[in-house]
């Protein structure tokens, strides 16, 4: 029933948008849209315990269209073509976003299959999504997009809050049920170039509530950006007492010729249950060091080193040298 209500609201918003378009056609505003393409690809050579692997990959390709119906109403459609990791030439296609957004003055409301905001600020400060996902995205704390709604309000230029009600399974698994993930976020920008964000969400299944708690602070100056975040996941996948703690630190320095030197360190730990770490196979630390340059507009190239040190003492550290490429059309 709740899903039906949400669908009706989305349709109503689209109808309202089309009406707004016709009214504005005779005035100053003229509706417009544009297609977009973004491709992430890389070549890398990895080394672990004396073994070597060399791989070419297209990890992501986004194809979409953005349209502004009026000054207040806009929409976006995005197809996500990705590598599922089960074959070098196999790709999967998902509808990542298909939503309508209303934005006027200090309020914005989005309905449909939306890009979520729980780690949006973190991704912007990190700035290297085509090389490596942000911490929450990489370790499945939350999805980057989901079906639902987001309401955000700017109380001032320095402080805003957002509320989200989503399907809870991500855009790759749209489950039809009455279980939702509810999120609350607050963003503070006390001074220029500095941002602080706190976020909390929960989803309850079979009387167990998974909870996500995130704290983030970031700085984006003219030549230097810094970000630090703490990520806590309680009752992961709605399993009692299975908890995760994660930290991520990253920095980027922009040189005089606009190239960038970047570094990142991540740490993921799980708690012990009956004397053993339930997530030991995925616990560990990550280090990334790299250099990015842009030979032409719309193209980024980044040679970089990525090292993963597993917490499991029976596993060896994996070192990899990457050449990442982002293409935007």
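Only the coordinates and a few stated rules stand behind these numbers; no lab work does. Here the structure is a predicted model, which means the values were calculated and not measured. Note: ideal-geometry Cβ built from the backbone for every residue, glycine included; neighbour counts use all protein chains shown.
In this structure, does residue 251 turn out to be buried (at least 17 other Cβ atoms within 10 Å of the Cβ), touching a helix residue (DSSP H, G or I) at 6+ places or on another chain (Cβ under 8 Å) and more than 19 Å from residue 142 (Cβ to Cβ)? It is false that residue 251 is buried (at least 17 other Cβ atoms within 10 Å of the Cβ), touching a helix residue (DSSP H, G or I) at 6+ places or on another chain (Cβ under 8 Å) and more than 19 Å from residue 142 (Cβ to Cβ). Can you find even one residue in segment 281-299 that is part of a strand (DSSP E or B), out of contact with any helix residue (DSSP H, G or I) (no Cβ under 8 Å at 6 or more places or on another chain) and at positive phi? Within segment 281-299, one or more residues are part of a strand (DSSP E or B), out of contact with any helix residue (DSSP H, G or I) (no Cβ under 8 Å at 6 or more places or on another chain) and at positive phi.
Within segment 130-158, the set of residues being touching a residue at least 24 places away in the same chain (Cβ under 8 Å) and touching a helix residue (DSSP H, G or I) at 6+ places or on another chain (Cβ under 9 Å) comprises 132, 134, 135, 136, 141, 142, 143, 144, 147, 148, 149. Taken together, the residues in segment 26-40 that are within 26 Å of the chain's Cα centre (by Cα) and buried (at least 17 other Cβ atoms within 10 Å of the Cβ) amount to 3. Being assigned to a strand (DSSP E or B) and under 16 Å from residue 130 (Cα atoms), is that true of even one residue in segment 264-276? Scanning segment 264-276, I find at least one residue that is assigned to a strand (DSSP E or B) and under 16 Å from residue 130 (Cα atoms), so the answer is yes. Quick one: would you say residue 322 is over 21 Å from the mean Cα position of the chain (by Cα), buried (at least 17 other Cβ atoms within 10 Å of the Cβ), touching a residue at least 24 places away in the same chain (Cβ under 8 Å) and within 22 Å of residue 57 (Cα to Cα)? For residue 322, the condition - over 21 Å from the mean Cα position of the chain (by Cα), buried (at least 17 other Cβ atoms within 10 Å of the Cβ), touching a residue at least 24 places away in the same chain (Cβ under 8 Å) and within 22 Å of residue 57 (Cα to Cα) - is met. Restricting attention to segment 285-319, which residues are touching a strand residue (DSSP E or B) at 6+ places or on another chain (Cβ under 9 Å), more than 14 Å from residue 265 (Cα to Cα) and without any contact (Cβ under 8 Å) to a residue 60 or more places away in the chain? Within segment 285-319, 291, 293, 294, 295, 297, 298, 299, 301, 303, 311, 312, 315 qualify. The residue list 65, 102 contains one member that is under 23 Å from the mean Cα position of the chain (by Cα), surrounded by fewer than 17 Cβ atoms within 10 Å (Cβ to Cβ) and over 30 Å from residue 316 (Cα atoms), which is 65.
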